[in-house]
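FYI, it's all coordinate maths here, none of it is from the lab. These numbers were taken from a predicted model, which means no experiment stands behind them. Counting neighbours? That spans all protein chains shown, and the Cβs are built from the backbone with ideal geometry, glycine included.
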Amino acid sequence: MDIVLLFPGQGSQKPGMAKDLVDALPAAREVFQRVDDALGTPLSRICFNGPADELTRTHNAQPALLAHGMAVWAATRGALEGKVRAAAGHSLGEFTAYGASGAIGLEAAAKLVRRRGELMYEAGVRRPGAMAAVLGVLTESIDALCQRASSEAGTVVPANYNSPEQVVISGEVAGVDCAIEMVKAAGAKRAVKLNVSGAFHSPLMGFAQTGLAEALREACFRAASFPIYSNVTAQPVSSAKDAEALLLRQLTSPVRWTDLVKRLAADHPKALFVEMGPGNVLVGLVKRIAPEVATAICGTASEVKQLLEQTS
């Protein structure tokens with residue numbers, strides 16, 4: 001059976017994440033211990049016990065999600081590695097995908113995403129912004145609406161093309177507020193601001209580029225053992241040089257998740273798409289984008305057992 005790995009992004013974290021996984025599986029326990037040691041902080045305690053506001057902080061949420069995804073992969077790698085044909089992750093999850101592919105070591109990946117979270121938070125402080133989820137089919141393209149709102153009120157861009165009926169917009173507060181009114185007039189079912197610390201995947205994150213470029217260089221990427229599909233291009237990537245360049249561009253570019261999933265489904269139509277980490281957000285999006293592909297979730301000890309039985 002062919003496997004495509006999917007790794008969730010920021011927003012999927014929740015207190016209690018990975019606790020049963022770590023209690024039941026030594027391989028998962030080792031991953032969290034190594035991440036704690038690499039960061040010099042008890043991240044596992046925050047994951048297992050919260051509080052939620054501490055876990056949600058960008059510099060904690062990002063390594064927490066990476067650790068959870070890598071812990072699931074550690075628990076299943078022996079059985080699945082030879083069956084994996086490709087992987088992808090949503091925003092932060094793309095870093096986890098590179099970790100699973102062997103392009104970057106666990107400790108280096110944890111330090112990298114911790115730094116990424118710090119830089120994104122700092123960029124949000126220096127240039128405050130907002131994000132909003134837009135749901136429904138619009139009578140005018142989201143790109144055109146964002147361009148109009150930008151010219152009238154302030155910079156706002158599409159940040160996440162999550163599915164045909166779900167897009168997240170990001171930018172200056174006034175621009176986002178203006179775009180919300182425009183998308184409602186264009187037929188959106190809902191347009192809701194998100195609780196975030198900055199305007200992610202927008203030009204407002206430009207302040208973080210220099211620091212992230214340095215962190216990416218220090219991480220010493222290698223060639224991936226299987227293709228990673230890029231958020232920026234929706235195309236497969238395997239070289240270390242391309243990976244670093246695209247992960248840097250991802251900071252200020254939209255996540256083209258809809259196009260990415262369509263490409264994965266076209267390239268691997270018979271594969272089982274497995275979401276590794278907390279929750280089932282990505283599987284839900286995949287079902288809307290490519291309902292013909294098979295999916296599974298794997299974030300708990302019982303789900304690990306089910307997946308191993310299913311793929312044996």
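Per-residue ellipticity at 222 nm for the chain, helices alone: DSSP H runs ≥ 4 residues times -39500 (n - 2.57), over residue total, nearest 500 deg cm²/dmol?
Helix contribution divided over all residues of the chain: -16000 deg cm²/dmol.
Among the listed pairs LYS111/LYS262; LYS241/LYS262; LYS184/LYS287; LYS83/LYS241; LYS14/LYS111; LYS83/LYS287, which have their C-alpha atoms separated by more than 28 angstrom in this model?
Result: LYS111/LYS262 exceed 28 Å.
Ordered by packing density, taken as the mean number of other Cβ atoms within 10 Å over each peptide's residues, highest first, how do 302-310, 85-93 rank?
85-93, 302-310
Kirkwood hydrodynamic radius, computed over distinct alpha-carbon pairs, for segment 26-110: how many Å, to one decimal?
13.1
When the chain is modelled as a GNM with alpha-carbon springs shorter than 10 Å, which of GLY40, GLY11, GLY198 fluctuates the most?
GLY40
Would you list the membrane-span-like helices of the chain, meaning whole DSSP H runs whose alpha-carbon atoms span at least 27 Å along their axis and whose mean Kyte-Doolittle value is at least -0.5?
Those that pass (Cα extent of 27 Å or more, hydropathy at least -0.5) are 58-80, 106-126.
Using only the alpha-carbon atoms, what does the chain span along each of its principal axes? Please give whole angstrom values in decreasing order.
55, 43, 37
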